[in-house]
Amino acid sequence: MRFAPSPTGHLHVGNARTALFNWLLARQKSGVMVLRIEDTDLERSQARFEDQLIDDLRWLGLDWDEGPDVGGPYGPYRQSDRLPVYREQAERLLGEGKAYLCFCTEDDLRKDRERAMTEHRPPIYSGKCRTLDRAEAEGRRKAGEASAIRLEIPEHPIRFHDIVHGDVEFSNEVVSDPIIVRSSGMPVYNYVVVIDDALMKITHVIRGDDHLSNTPKQVALYEALGWPVPEFAHLSTILGADRERLSKRHGATSIASFRDMGVLPEALGNYLALLGWAPSGGTREIFSREELVKEFSLERVTPSPAVFDMEKLYWLNRHSIKQASSERIDRLALPYYSRALGDDMAKDSGGRPIDDYPWSPEVVHWFSSVTRLLVPSVDRLDQLPDRAFFIFHYDAQAALAAPDNRETLTWPNTDAVIARFTVKILEDESAQSGQLTPERFKQLVNEVKAETGAKGKELFHPIRLIVTGSHSGPEFDKLIPILEEGSRLTLPKHVLSTGERVQAFAKARAK
């Protein structure tokens with residue numbers, strides 16, 4: 001099996017799914033996984049994209065037995081390093097009379113296509129250079145006349161079996177004699193992919209169904225070269241929620257984007273496996289990587305388009321976050337807080353990248369507490385700074401003016417609850433020194449309850465509004481220690497303690 005991306009942009013979910021399916025089959029069958037870089041598009045191919053796609057694949061948990069970074073017996077594994085191989089095989093096809101030189105210019109080809117359209121014929125190459133005398137054609141090439149090399153398509157239908165789509169047949173009348181080497185000397189995709197797959201002993205070609213129409217030309221090449229045709233499996237198109245082909249307008253589509261969003265690799269890999277593949281025996285959707293290797297089968301891949309459901313991915317990600325160790329999630333979450341506080345940190349970071357800001361051990365421990373408080377409410381890790389906004393940005397005036405808080409502020413007992421809670425916090429020594437404990441906080445709330453007769457949401461919503469700026473939020477017994485400890489730490493933004501928040505609320509309400 002092989003995965004053969006072009007380094008012309010970021011790795012997207014469609015290609016990542018192709019890589020995953022190849023990897024799953026290779027690992028299940030104890031086969032060989034090959035990574036090959038198809039970089040013959042010299043204008044668009046960039047080393048940075050190759051580095052990025054290798055990094056993204058490894059982040060997804062995929063590895064390979066042969067490739068540009070690990071070597072192997074059938075290298076080199078970049079097509080730009082294999083040009084002599086392609087020239088040799090093209091000359092062999094010419095010598096055996098299975099390919100021919102084509103001297104048609106772009107203008108010639110354009111006129112032929114227009115004529116074919118006018119005559120209601122398929123706009124394919126007419127084959128007029130097929131009849132040129134071979135010796136004469138070779139003489140013209142040696143004299144310096146520009147020529148491409150075309151494969152001669154046989155005069156019979158081209159048939160092959162596709163594991164996903166079944167038996168496929170193309171009439172030779174709709175398959176043009178394809179160019180295999182351009183007049184510039186650069187070989188084309190449909191040619192080099194056959195040479196590489198054959199010489200690298202690839203037995204299964206698993207790729208997107210946008211390549212299905214390329215396959216008859218490739219089968220013809222295998223036959224012309226006298227090489228065995230591999231098994232083909234063309235994976236269905238991935239659509240957005242609107243049933244249109246997945247693209248940037250649907251939101252994140254690159255692996256790097258999902259990684260930056262804080263989607264865990266095991267969640268994304270699990271979800272990609274379910275796009276167009278169904279496990280046997282029911283509706284199970286959560287799999288470990290080892291379980292996927294055991295369950296995977298190309299025969300259960302459907303030809304129907306797969307719809308990318310972001311909410312389902314987020315559901316799997318919430319499960320993965322829950323299953324991951326707290327230490328791992330703490331480590332992954334820290335850069336998101338660093339980026340969110342980046343403007344303030346830039347003043348004293350000494351030019352260090354925000355992701356690598358050297359927090360003190362005490363601050364790292366505190367951020368871990370913040371993460372564990374908020375992570376049950378997020379779909380992905382990049383949402384944590386927004387969830388933590390109320391910790392760093394307390395605005396009592398905004399809380400009083402917020403429409404969502406209006407109902408709470410009009411309840412009959414709200415004024416009494418606010419008044420009694422404010423007095424008790426302002427008179428409590430531990431609250432005023434930033435040392436308020438959850439136990440002491442609970443005791444003060446119970447006193448407010450006894451003195452006002454308020455209970456349930458009529459008690460807790462006003463108190464929560466004072467402390468957090470909103471009538472809803474996390475549990476007090478976990479929140480209070482975070483506010484108290486945070487107020488004592490050196491952070492880019494000062495975290496107000498419970499006492500400081502109550503003071504600010506009282507001043508805002510008095511205005």
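Would you work out the Kirkwood radius for region 89-146? I mean one over the mean of 1/r across all pairs of different Cα atoms, in Å.
Working: mean 1/r = 0.0783 Å⁻¹.
After inverting the pairwise mean of 1/r, the radius is 12.8 Å.
Hey, if you put +1 on the Cβ of every Lys and Arg and -1 on every Asp and Glu Cβ in region 82-235, which of His211, Pro230, Cys104 ends up farthest toward the positive end of that dipole?
Going by the Cα projections, it comes out as Cys104.
Over 10 Å intervals from 0, what percent of Cα-Cα pairs in region 219-297 sits in each interval?
In whole percents, the pair-distance histogram is 14, 32, 30, 18, 6.
What are the equivalent ellipsoid semi-axes of region 82-235, built from the alpha-carbon gyration tensor (square roots of five times its eigenvalues), in whole angstrom, biggest first?
After scaling each eigenvalue by five and taking roots: 26, 20, 13 Å.
Once the Cα gyration tensor of the chain is found, what semi-axes does its equivalent ellipsoid get, as square roots of 5 times the eigenvalues, in whole Å, sorted largest first?
After diagonalising the Cα gyration tensor, the semi-axes are 65, 22, 21 Å.
Okay, helix-only estimate at 222 nm for the chain: each DSSP H run of n ≥ 4 adds -39500 (n - 2.57), divide by all residues, round to 500 deg cm²/dmol; what do you get?
Calculated mean residue ellipticity at 222 nm is -14000 deg cm²/dmol.
For region 146-304, what does the relative contact order come out to in percent, with C-alpha contacts under 8 Å and a separation of six or more?
Details: 194 pairs, mean separation 34.2, N = 159.
So the answer I get is 22 percent.
Which whole-number percent gives the relative contact order of region 389-510, counting Cα pairs below 8 Å spaced six or more residues apart?
Over region 389-510, the number comes to 39 percent.
Across region 29-39, in residue order, what do the Karplus-derived ³J(HN,Hα) couplings come to in whole Hz, using 6.51 cos²θ - 1.76 cosθ + 1.60 with θ = phi - 60° and x for Gly and Pro?
8, 6, x, 10, 9, 10, 9, 10, 9, 9, 10
Which FRET efficiency value, to the nearest 0.05, is calculated for Glu169 and Ser126 with the Förster distance at 35 angstrom and r the Cβ-Cβ distance? Provide the component values of the computation, followed by the final result.
Working: r = 23 Å, r/R0 = 0.66.
Here the calculated transfer efficiency is 0.95.
Given the pairs Lys322/Lys449; Lys217/Lys294; Lys201/Lys294; Lys201/Lys322; Lys449/Lys507; Lys449/Lys493, which span a C-alpha to C-alpha distance of over 31 angstrom in this model?
Exceeds cut-off: Lys322/Lys449; Lys217/Lys294; Lys201/Lys322; Lys449/Lys493.
Need the full-extension length gain, Tyr222 to Ser288, defined as separation in residues times 0.36 nm minus the C-alpha distance. One decimal, nm.
20.0 nm
Grab the Cα-Cα distance for Ser80 and Thr237, subtract it from 0.36 nm times how many residues apart they are, and report the gain in nm with one decimal.
Result: 53.7 nm gained on full extension.
After finding the eigenvalues of the alpha carbon gyration tensor for region 433-511, what semi-axes result from the square roots of 5 times each, listed largest first in whole Å? Working shown, then result.
Values: eigenvalues 94, 45, 26 Å².
The equivalent ellipsoid of region 433-511 has semi-axes of 22, 15, 11 Å.
Return the whole-Å distance between the Cα centroid of region 448-511 and the Cα centroid of region 200-246.
So the two Cα centres are separated by 61 Å.
Separation between the Glu114 and Ser470 pseudo-spin-labels, each 7 Å from Cα along Cα→Cβ, expressed in nm?
Taking the simple label geometry, Glu114 and Ser470 are separated by 6.4 nm.
Looking at the chain, what % of its DSSP beta bridges pair antiparallel, to the nearest 5? Before the final figure, lay out the partial values.
Values: 16 of 28 bridges.
Within the chain, antiparallel bridges account for around 55 percent of the total.
Bear in mind that the values in this text are calculations on the coordinates, not laboratory data. This one's a predicted model, so the numbers in the text were calculated from it and none came from an experiment. With ideal geometry, Cβ positions are generated from the backbone for all residues, glycine too; neighbour counts draw on all protein chains shown.
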